[in-house]
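Below is one structure, written out as structure tokens; the observations come after it.
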Amino acid sequence: MGLIGIVAKRLLGAIPSLAGVVVVTFLLSHALPGDPAVLFAGPAANAESVAQVRSHLGLDRSLPVQFLSYTSDMLHGDLGQSLTTGQPVVTDLVQRLPASLELTAAAILFAVVVAIPLGVLAATREGSWIDHLCRSTVTLAAAFPTFFVALLLVYVFYYLLRIAPEPLGRLNDVYFEAPATITGFYLIDSALAGQWTTFGGALAQMALPAISLGLFALAPIARITRAAMLTALGSDFVRTARACGLSHRKVLVTYAMRNAMLPVANVLGMVFSFVLGANVLIEDVFGWPGVGAYAVKAVIQSDYSAVQGFILMMATVYILLNLLVDLLSIAADPRVRMEG
Amino acid sequence: MSATTQPRPPRSLALLRATRYTLAENQLTLVACGLFGILLLCAVFGAVIAPYDPLATDMASRLKPPTAAHWFGTDALGRDILSRVIVAARLDLGMAVSAVAVSFLIGTALGAMAGYWGGLVDAIFGRLMDTIMAFPLFVLAMGIVAALGNSVLNIILATAVINLPFYGRFARAEVNVRRDLAYVEAARMGGNGGLRILSGHIVRNILPTMAVQASLNMGWAILNAAGLSFIGLGVRPPTPEWGIMVSEGASYIISGEWWTFVFPGMALMLAVFCFNLLGDGLRDVLDPRRRT
Amino acid sequence: MTALAAKRALVDGAAPHAEAPPLLAIENLTLDFRTRQGAVHALDGVSFEVFRGEIVGVVGESGSGKSVLAYAVMGLTDAAGYVRSGRIGFAGRDMLGETAAQLSDTLGREISMIFQSPRTALNPIRRVGLQIADVLLRHGNMTRREAHARAVEALAQVRVPDPERRFDAYPFELSGGLCQRVMIAMAIACTPFLLIADEPTTGLDVTTQAVVMDLLRDQVRAANTSVLLITHDLALAGEYCDRVVVMHAGHVVEVAPVERLLQQPAHPYSALLIGATPGATTRVEDLSVIPGGLPDQRQALPPCRFLHRCTRSDARCASEKLPTRHMGDGHLVRCWNPL
């Protein structure tokens with residue numbers, strides 16, 4: 001099976017997952033005990049507005065028919081109206097998505113850049129201080145609630161040390177002006193426009209949230225990297241490489257590390273699940289104007305359409321991220337191509 | 001019938017010996033046991049141990065730093081934080097234990113059935129688990145709470161649902177491995193039906209490994225429940241609960257009253273740490289593959 | 001003249017056997033492993049020589065220390081192992097005194113090794129041709145393109161069909177026999193003086209075994225390479241080796257030219273090994289059984305480690321250091337009561 005064929009197969013494989021996600025979100029609102037009309041009308045509604053919502057959303061029709069109209073609305077980009085902002089949910093989400101994506105990307109980048117070298121060093125110097133540092137970091141990081149870490153960092157670096165800026169969002173608009181929107185990512189947009197002071201401001205605001213979010217992901221990545229490197233370094237093929245006198249660097253990078261990265265790619269799926277979930281908590285702590293903060297407000301205020309839209313969006317992002325990792329695995333490991 | 005009962009004393013003695021060996025080997029597990037004891041004490045006898053009434057407000061001594069009178073300081077309403085942290089143990093641990101118990105029982109049952117019967121049962125099970133895992137788990141929990149209503153019971157339910165796949169898949173794999181083993185064949189030939197074999201023989205054998213999974217999962221369940229209450233779901237003020245206490249304390253960082261959020265946060269961290277270590281220790285004792 | 005060329009001239013000028021200095025001279029090698037239960041005495045007083053252009057077999061049960069010996073020569077011993085005493089002389093140098101950098105230069109170029117389970121011994125996600133090229137680039141002074149061409153040549157030399165296409169293959173796409181040939185190609189790419197083969201044919205079918213062994217023998221004849229063949233298969237040793245070293249529990253018990261060993265074994269253990277090896281006409285009932293098992297090498301051991309399995313032992317075997325009896329014609333045995 002050619003490479004294109006395998007990629008196509010993987011892409012098609014994502015469709016049942018997406019379908020399942022749509023079904024579950026539908027069932028959550030329409031099939032559970034309780035009146036969906038009340039759910040969508042919100043806490044401030046009276047009997048009249050509930051009835052209005054019921055007829056507007058067609059909630060008096062049969063379940064399969066409702067599902068069909070739900071799906072068709074969704075495919076047309078209609079996710080309902082937000083009760084709190086008054087705007088269509090889709091508009092709200094699209095507006096706020098870049099902020100969340102930028103934060104998530106920065107967090108994962110931080111986690112990978114720190115965790116992988118840490119894991120490699122811990123494996124090559126087994127038993128040394130760096131190995132113990134790696135193992136204790138992993139154990140501790142796995143126990144820390146993300147929101148607590150975030151608050152601790154704000155307290156230490158903002159309140160005590162005055163290094164970090166005030167945690168009030170992506171950019172302090174007293175000093176800086178937001179860059180013109182090209183990608184929606186402040187760091188990329190300001191760099192492209194050459195507005196380096198804005199870049200600095202945005203980076204400073206991003207630092208603590210990205211680190212708090214990334215610390216959570218750091219633990220499993222470092223642990224798997226260390227374990228995978230230990231396995232690789234003890235493997236038969238590394239022994240052969242050493243027996244051929246290959247240089248230390250060659251053995252470490254080309255023979256050991258490349259093989260160790262395969263299990264790391266596998267664990268990334270789990271890591272993304274954690275990170276996309278913890279995103280919500282971090283945005284809440286730092287006042288980050290992303291979809292997570294939006295969803296928190298929506299859940300508290302029982303703005304159900306907004307919550308539902310948020311869940312659909314996050315699940316879709318997650319499925320796409322998993323697909324990306326899967327494709328990277330295929331590129332890295334020729335044995336996967338064989339199995340198809 | 002006496003032929004089917006296992007000789008009791010040697011097995012439990014071996015287990016005891018293994019436990020003592022593991023505890024002696026690993027001081028960290030001993031520390032975790034100690035911590036667990038303290039947590040249990042707080043959960044059961046919290047109201048008695050706590051120096052002050054966790055709900056009693058005292059506006060005159062609000063936001064006082066840690067002193068001899070108030071070891072953990074006081075919060076925005078003058079309530080003693082130490083008392084609140086101690087009493088909160090019951091709710092936090094209770095939520096996590098309930099959630100883990102529910103997902104453990106249902107997940108193991110579903111997974112075992114899927115692993116044993118295969119075919120359509122397995123296919124449906126697989127689809128169900130895959131669908132749950134297609135969501136970022138915390139996000140799904142938020143959605144479940146939003147749909148069912150904002151209450152502690154629903155927090156427990158939501159945490160239970162998102163943990164199902166861990167137990168389900170593990171149980172399925174373990175049963176799959178054991179399904180074709182000799183003693184199962186023997187039971188089948190003895191005329192036992194599928195369900196009986198499952199419950200009688202296989203499940204009893206996978207229970208130790210599943211118990212290890214459960215203790216490792218407890219930490220994650222505590223974090224989940226606390227996360228949900230941090231963003232304002234389930235638990236309402238003035239109920240003392242670690243997550244909501246951190247959330248209340250968060251507003252006071254910028255004015256420097258760190259004790260309002262640090263102590264409940266540390267309690268959370270210690271509880272999770274304790275269960276993670278206990279899980280590792282339990283695995284060393286119970287998992288025959290690791291026993292030396 | 002480069003150092004390598006000078007070395008080759010020195011060694012090449014010598015005639016095979018006897019008068020020529022040995023290529024590999026192991027003298028009284030004693031090696032222990034540190035474990036939680038104490039030191040394991042893996043090798044004790046191991047001595048023998050390998051000359052240019054000969055195939056020396058090292059035979060014995062699993063656990064007799066054959067592989068430990070091979071790894072010690074290559075400097076690839078596990079971190080828990082340490083040499084208590086002895087010398088490993090190679091082309092006049094003491095291998096035990098080499099630095100890591102010197103060792104890295106020697107391995108792959110002057111001494112090479114091929115391993116058991118060829119498929120796991122190759123990097124699973126790297127094309128086999130590149131793995132051969134890696135060795136060439138490391139030790140030879142050539143460009144990538146030259147290394148690629150030489151690697152294809154090496155594949156052809158080990159008789160891999162369609163070598164240009166096979167250059168791009170991954171190990172999982174090749175059979176066990178082809179993988180072993182790739183490993184041999186990697187090992188002989190830089191024409192080493194000594195090739196150590198650690199159970200190279202275990203796990204391969206008989207036809208492939210013959211192909212692999214023939215390749216090794218061709219290399220010996222073509223480049224005057226010496227081969228140290230480690231195997232538990234006495235029949236294989238009998239067919240391909242010039243001389244055989246018999247090991248038991250970390251001791252060398254007998255060294256002899258192969259025909260002499262098979263016809264007139266001097267050590268009781270060698271005789272039992274030969275008796276236990278199925279030949280074309282031996283019935284299963286006629287195979288001899290070697291009683292007992294290897295002694296626990298963590299304990300203090302008697303001077304002769306075969307003592308408790310031997311029917312010819314006497315008081316000297318338990319108390320006095322074993323002698324080295326020369327039976328003539330390069331035949332040595334370490335025993336108080338040889339056959």
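Per Stokes-Einstein, at 20 °C and 1.002 mPa s, what whole-number D in µm² s⁻¹ belongs to chain C, with the Kirkwood radius over Cα pairs as the hydrodynamic radius? Present the calculation step by step, with values, prior to reporting the outcome.
Values: Rh = 21.1 Å.
My calculation gives 102 µm²/s for D.
Across chain B, where is the longest run that never hits trypsin sites (Lys or Arg not before Pro) in a DSSP loop with at most 16 other C-beta atoms within 10 Å? Intermediate results must be reported in sequence, preceding the final value.
Details: sites that count: B:62, B:289, B:290, B:291.
It runs B:63-288.
Taking the Cβ of each residue in B:48, A:24, B:121, C:135 as the centre, tally the other Cβ atoms inside 10 Å and list the residues starting with the fewest.
If I rank by nearby Cβ atoms, fewest first, I get B:48, B:121, A:24, C:135.
What does the structure give for A:136-148 when I average, per residue, the other chain Cβ atoms found within 10 Å of the residue Cβ? Write out the running numbers ahead of the final one.
On the way: counts 0, 0, 0, 5, 3, 0, 6, 13, 6, 14, 4, 12, 14.
Going residue by residue through A:136-148 and averaging, the value is 6.
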Quick check: the distance between the Cα centres of segment A:207-246 and segment C:226-260, to the nearest angstrom?
42 Å
Most mobile of C:65, C:57, C:140 in a GNM of chain C (Cα contacts under 10 Å):
C:140
If amide hydrogens are placed 1.01 Å from N in the peptide plane, which non-local residues have theirs closer than 5 Å to the one on residue C:327?
C:332, C:333
FRET efficiency, residue C:288 to residue C:239 (Cβ-Cβ, R0 30 Å, nearest 0.05):
0.90
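Report the calculated FRET efficiency for residue A:247 and residue B:204 (r = Cβ-Cβ distance, R0 = 51 Å), to the nearest 0.05.
On the way: r = 54 Å, r/R0 = 1.07.
It comes to 0.40.
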Hey, what does the equivalent ellipsoid look like for segment C:118-191, semi-axes from the Cα gyration tensor as sqrt of 5 times each eigenvalue, largest first, whole Å?
18, 12, 11
Degrees separating the helix A:63-75 axis from the principal Cα axis of chain A, which is the longest one:
60 degrees
Quick one: what are the phi-derived ³J(HN,Hα) couplings along segment A:137-152, Karplus 6.51/-1.76/1.60 with θ = phi - 60°, whole Hz, x for glycine and proline?
4, 4, 5, 5, 4, 6, 9, 7, x, 4, 5, 5, 4, 4, 5, 4
Cross-link reach list, aspartates and glutamates versus residue A:297, counting only Cα pairs under 19 Å and skipping chain neighbours closer than eight places
A:92, A:283, A:284, B:248
Within segment C:118-191: Cβ-based charge dipole about Cα centre, in debye rounded to nearest 20 (Lys, Arg +1; Asp, Glu -1):
100 debye
Inter-label distance for residue C:149 and residue B:77, nm, one decimal - labels placed 7 Å from Cα along Cα-to-Cβ:
8.6 nm
Rounded to one decimal in nm, the spacing of the 7 Å Cα→Cβ label points at residue A:301 and residue A:173 is 1.7 nm
Candidates B:226, B:50, B:187: whichever shows maximal mean-square fluctuation once chain B is modelled as a Gaussian network with Cα springs under 10 Å
B:187
Given +1 on the Cβ of Lys and Arg, -1 on the Cβ of Asp and Glu, and no further charges, what dipole in debye does chain B carry about its Cα centre, rounded to the nearest 20?
1000 debye
Principal-axis tilt of helix A:3-30 within chain A, Cα atoms, nearest 10 degrees
40 degrees
Work out the FRET efficiency for residue A:125 and residue A:68 from their Cβ-Cβ distance, taking R0 = 56 Å, and round it to the nearest 0.05.
0.40
So what's the gap between the Cα centers of segment C:78-152 and segment A:18-79, to the nearest angstrom?
68 Å
Using only Cα atoms, tell me the angle between helix B:137-148 and the longest principal axis of chain B; keep it within 0 to 90° and round to the nearest 10.
80 degrees
Under 5 Å between amide hydrogens, which residues at least 5 positions from residue C:227 or on another chain qualify, with H placed 1.01 Å from N in the peptide plane?
C:54, C:55, C:56, C:195
In whole angstrom, note down how far apart the Cα centers of segment B:95-173 and segment A:275-321 are.
21 Å
Listed residues A:260, A:202, A:51, most fluctuating in chain A (Gaussian network, C-alpha, under 10 Å):
A:51
P(r) for the protein assembly as shown, please, calculated from all Cα pair distances in 10 Å bins and given in %.
2, 9, 15, 18, 17, 14, 11, 8, 4, 1, 0, 0
Just rank A:326, B:180, fewest to most, by other beta-carbon atoms within 10 angstrom.
B:180, A:326
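Under the rule of -39500 (n - 2.57) per DSSP H run of 4 or more residues, summed and divided by the residues of chain A, what mean residue ellipticity at 222 nm is obtained, to the nearest 500 deg cm²/dmol?
Helices in chain A give a 222 nm mean residue ellipticity of -24000 deg cm²/dmol.
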Distance in nm between pseudo-label sites at residue C:263 and residue A:9 (7 Å out along the Cβ direction from Cα)
6.1 nm
Charge dipole of chain C about the Cα centre (unit charges at C-beta), most positive-ward option of C:116, C:191, C:130
C:130
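Placing +1 at every Lys and Arg Cβ and -1 at every Asp and Glu Cβ, with all other atoms neutral, what dipole size does segment C:135-280 have around its Cα centre, in debye to the nearest 20? Numbers along the way, then the final one.
Working: 12 positive and 16 negative charges, 88 e Å.
Using only the charged Cβ atoms, the result is roughly 420 debye.
All of the numbers you see were taken from the coordinates with simple rules; none came from a lab. Here the structure is a predicted model, which is why all the values come from computation and not from measurement. Note that each Cβ is placed from the backbone with ideal geometry, even for glycine, and that neighbours are counted across all protein chains shown.
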